[in-house]
Amino acid sequence: MRAPVHPARRTVRCYIHMSSQDSPGKRDFFSLYSHGFARVAAAVPRVRIAEPEFNAERTIELARRASAEHAALVTFPELGLSGYSIEDLFHQQALLDGVLEGLAAVRAATAELESLVVVGAPLRADSGVFNTAVVLHRGHVLGVVPKSYLPEYHEFYEKRHFRAARDAVSDEIGVLGEQVPFGSRLLFACRDLPGLCVHVEICEDVWVPIPPSTYGAVAGATVLVNLSGSPVTVARASYRRLLCASQSGRTISGYVYTAAGLGEHDLGHQIASLSASSLSANLPTSNSARSAMSLPTAAAAAMLPP
């Protein structure tokens, strides 16, 4: 089975307004935003599976923390609003309705936040259910990215529950009363942070020979985001770091990876990778954990139009 091989081409634009010395508009010499960098955060909240209301509350809590520290981008785990390991509950109407209510709460909270927020959620579209990343900013849904590659081996049974991005009929869907772009070829470009252009993919997408983020980088993305629900497996952590670092290096982009945390699996993990190097954070056994690092927004300047 193959996913579309044409590059990402649809761009959604947004403004990210910073209110302190980190504001790119003020051009404070001591602000990293004055030197071609953007602060990004990988957030791993504690979740309760099949409890979207609780998960939305934890998501909002960490999104506020990231915004308070002036992160331009904060990303959350795959299916974070529902929990990943709920199996056939993905087809329960009550669960999917609860996810929409939780997503509405997150959307409302972003109205007061500076950051671009990316959350994972199962959403109904085209008479099916998709494993998606929802991109929000300033009280609006900017776009929805469905997962391209659905694993069906070992502990994974995603083809039982979801449709892949290639199965989508529509390139726009209605979410919480908004008609928004829908697809795996979306770019999110920031008008007031030149060079910051974000592409989003989900978990298995980066494990294939040519990830969707490769096409995103070729089309101009400088920061690649991956929402994952990858569980704990012997030796997998070091392989994930290598995978993210190599993708970052090949695409000359920052690669931000966040995965399932406490309540979902026994151990949470998150990786933020820049070029050929990778950084990892050891998570405390608390209700939530978050790490942040700064990435150069001009890492792929050669790929951007003048």
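The values are calculated or read from the model by the stated rules, or taken from the named source; none is laboratory data. In this text the structure is predicted, and so the values were computed from the model without any measurement. Methodologically, a virtual Cβ is constructed for each residue, glycine included, from the backbone with ideal geometry; neighbour enumeration extends over all protein chains shown.
Tell me, which residue of the range 23-44 that is buried (at least 24 other Cβ atoms within 10 Å of the Cβ) and assigned to a strand (DSSP E or B) is modelled with the lowest pLDDT?
Applying the filter and picking the extreme gives Ala38.
Report yes if Glu87 is charged (D, E, K, R), in contact with a Phe, Trp or Tyr (Cβ under 9 Å, 6 or more places away or on another chain) and modelled with pLDDT under 95, otherwise no.
So Glu87 fits the description; yes.
For residues that are under 22 Å from Arg185 (Cα atoms) and touching a Pro at 6+ places or on another chain (Cβ under 7 Å), tally how many sit in the range 134-161.
3
What strands (runs of 3 or more DSSP E) completely inside the range 112-181 contain at least 1 residues that are touching a helix residue (DSSP H, G or I) at 6+ places or on another chain (Cβ under 9 Å), at pLDDT 95 or above and buried (at least 22 other Cβ atoms within 10 Å of the Cβ)?
In the range 112-181, the matching strands (runs of 3 or more DSSP E) lie at 116-125, 128-137, 140-146, 172-175.
Looking at the range 78-87, which of its residues are in contact (Cβ under 8 Å) with a residue 60 or more places away in the chain and under 16 Å from Thr258 (Cβ atoms)?
Glu78, Leu79, Gly80, Gly83, Tyr84
Of the conditions (1) part of a loop (DSSP other than H, G, I, E, B); (2) crowded, with 18+ Cβ neighbours inside 10 Å, Gly98 clears all except one; give me its number.
(1)
Looking only at residues in the range 66-80 that are of a type outside the set (Gly, Ala, Ser) and either surrounded by fewer than 17 Cβ atoms within 10 Å (Cβ to Cβ) or closer than 12 Å to Val118 by Cβ (or both), which one is modelled with the lowest pLDDT?
Glu69
Among (1) in contact with a helix residue (DSSP H, G or I) (Cβ under 7 Å, 6 or more places away or on another chain); (2) under 18 Å from Gly261 (Cβ atoms), which single condition is Thr75 missing?
The failed condition is (1).
Going residue by residue through the range 201-209, is there one that turns out to be aliphatic (A, V, I, L, M), at pLDDT below 95 and assigned to a strand (DSSP E or B)?
Of the range 201-209, the ones aliphatic (A, V, I, L, M) are 202, 206, 208.
With at pLDDT below 95 added as a condition, the list becomes none.
Within the range 201-209, not a single residue is aliphatic (A, V, I, L, M), at pLDDT below 95 and assigned to a strand (DSSP E or B).
In contact with a Ser or Thr (Cβ under 9 Å, 6 or more places away or on another chain), of a type outside the set (Gly, Ala, Ser) and under 29 Å from Leu193 (Cβ atoms): does that describe Leu95?
It is false that Leu95 is in contact with a Ser or Thr (Cβ under 9 Å, 6 or more places away or on another chain), of a type outside the set (Gly, Ala, Ser) and under 29 Å from Leu193 (Cβ atoms).
Suppose we keep only residues that are within 16 Å of Ala260 (Cβ to Cβ) and touching a Pro at 6+ places or on another chain (Cβ under 9 Å) within the range 45-65. Which one would you say is surrounded by the most Cβ atoms within 10 Å (Cβ to Cβ)?
It comes out as Asn55.
Going through the range 204-228 one residue at a time, which ones are surrounded by fewer than 23 Cβ atoms within 10 Å (Cβ to Cβ) and among the small types (Gly, Ala, Ser)?
Ala219, Gly220
So Val106 clears everything in (1) of a type in the set (Val, Ile, Thr); (2) within 17 Å of the chain's Cα centre (by Cα); (3) not in a helix (DSSP H, G or I) except one condition, right? Which one?
Tallying (1) of a type in the set (Val, Ile, Thr); (2) within 17 Å of the chain's Cα centre (by Cα); (3) not in a helix (DSSP H, G or I), Val106 fails exactly one: (3).
Picking from Leu136, Leu113, Leu100, which residue would you name as being within 15 Å of the chain's Cα centre (by Cα) and either closer than 22 Å to Leu62 by Cβ or among the aromatic types (Phe, Trp, Tyr) (or both)?
Only one candidate qualifies: Leu136.
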